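Asks: Before I ask anything, let me first share the structure, which is written out below as structure tokens.
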Amino acid sequence: METTIQLEPAQKQLELFGPGDSFLRLIRQSLDVKISARQNILTLSGKEKNVNKAVEVFNKMQQQLFKYHSLKSEDISIFIMQENSYPGNDDDDVISVYSHRKAIKPTTKGQIKYVQTMLKNDLTFCIGPAGTGKTYMAVAIAVSMLKKRQIRRIILARPAVEAGEKLGFLPGDLQAKVNPYLRPLFDALEDMLEFTQMRKLMDLDIIEIIPLAFMRGRTLNESVIICDEAQNTSAMQMLMVLTRLGQGSKMIITGDITQIDLPAGQKSGMIEAIETLRRIKGIGYVELNQTDIVRHRLVQNIVQAYKKRNPKKQL
């Protein structure tokens, strides 16, 4: 099959094709299509299914450039991995955050369900492998709600459970010891907020990034509370977290149950909570899988390979 795409006359081909045509090479290799460009015309040839997918990818690339004036290789990889365009206006799915550097929106069917579940329920559990956007989408929803003044605070918490290393052997004070555990939460925030805005919100305690134990004894009203890496909570810790939920708040519990670092024989508090609570009205449950991975295209293959090797590591 062969088809052509008419590019916008004002569209800069350098930005659309990438440095040294790197975006074109990525599409060629990933979708097994031939691409040739002449003036404002792109010609695509190959198997019908692959060509149709390539056309969809190029259309999304042009939309991204038109709206946000930037395009990265990560964006191309996400467009390629998306199975199909989902119905509805694209703008309806954009999550409004402080930064205008890029649009933040669900990019897979699983992520769409995840966002809808978080908005609908006051308590949401989300499990899934690395790279599926469990933490990232939760932080985006929290920042969006803060921007719209639907909440007053964001609480981001993680259990400080060692994965083969001991906290006591790390250098520095308590803050220095726990910072490595909290770094992924900082990374998500830094991608959505301007640095000065983020620091100001943290200085005012409007955004808190804390170890799980620091939540004990608190009632959190008008907040979004995100408990990340919750597969590493004990039953008592999970109960403590769940009972922090106050009036006008949302809580999002995320984790990867294939990567539990608790002592042998100790059941994950997250798994126990899902088994106990999943039928209660007002509590949402989402399970993402390898088709929802939006990191480097190899991550999806890595997760699939390990899943085949350890098929019993499932909820």
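The values are calculated or read from the model by the stated rules, or taken from the named source; none is laboratory data. Given the structure is predicted, the values throughout are model-derived calculations rather than measurements. Cβ coordinates were reconstructed from backbone atoms using ideal geometry, including for glycine residues, and neighbour counts include every protein chain displayed.
Asks: Please name all residue pairs, on different chains or six or more residues apart, with Cβ atoms under 6 Å, provided the first residue is in the range 246-258 and is in the same structural domain as ARG218 (by TED's automatic domain parsing) and the second residue is of a type in the set (A, V, I, L, M, F, W, C) and in a loop (DSSP other than H, G, I, E, B).
Replies: Cβ pairs passing all conditions: ILE257/LEU315.
Asks: ARG28 is checked against (1) assigned to a helix (DSSP H, G or I); (2) closer than 15 Å to THR4 by Cβ; (3) free of Cβ contacts under 8 Å to residues at least 12 places away in the same chain and fails just one. What number does that condition carry?
Replies: Unmet condition: (2).
Asks: Test each condition in (1) among the polar types (S, T, N, Q); (2) at pLDDT below 90; (3) part of a loop (DSSP other than H, G, I, E, B) for THR291 and report the one that comes out false.
Replies: (3)
Asks: When both residues are 6+ apart or on different chains and their Cβ atoms are under 7 Å apart, which pairs have a first residue that lies in the range 137-157 and is touching a residue at least 12 places away in the same chain (Cβ under 8 Å) and over 20 Å from ARG218 (Cα atoms), and a second that is of a type in the set (Gly, Ala, Ser) and assigned to a helix (DSSP H, G or I)?
Replies: Close Cβ pairs (under 7 Å, with a partner that is of a type in the set (Gly, Ala, Ser) and assigned to a helix (DSSP H, G or I)) amount to VAL139/ALA188.
Asks: Follow-up. Looking at the range 228-250, is at least one residue under 21 Å from ILE154 (Cβ atoms) and of a type in the set (Asp, Glu)?
Replies: yes
Asks: Please state which of the following conditions PRO106 fails to meet, knowing it meets all the rest: (1) part of a helix (DSSP H, G or I); (2) modelled with pLDDT of 80 or more; (3) not small (Gly, Ala, Ser).
Replies: (1)
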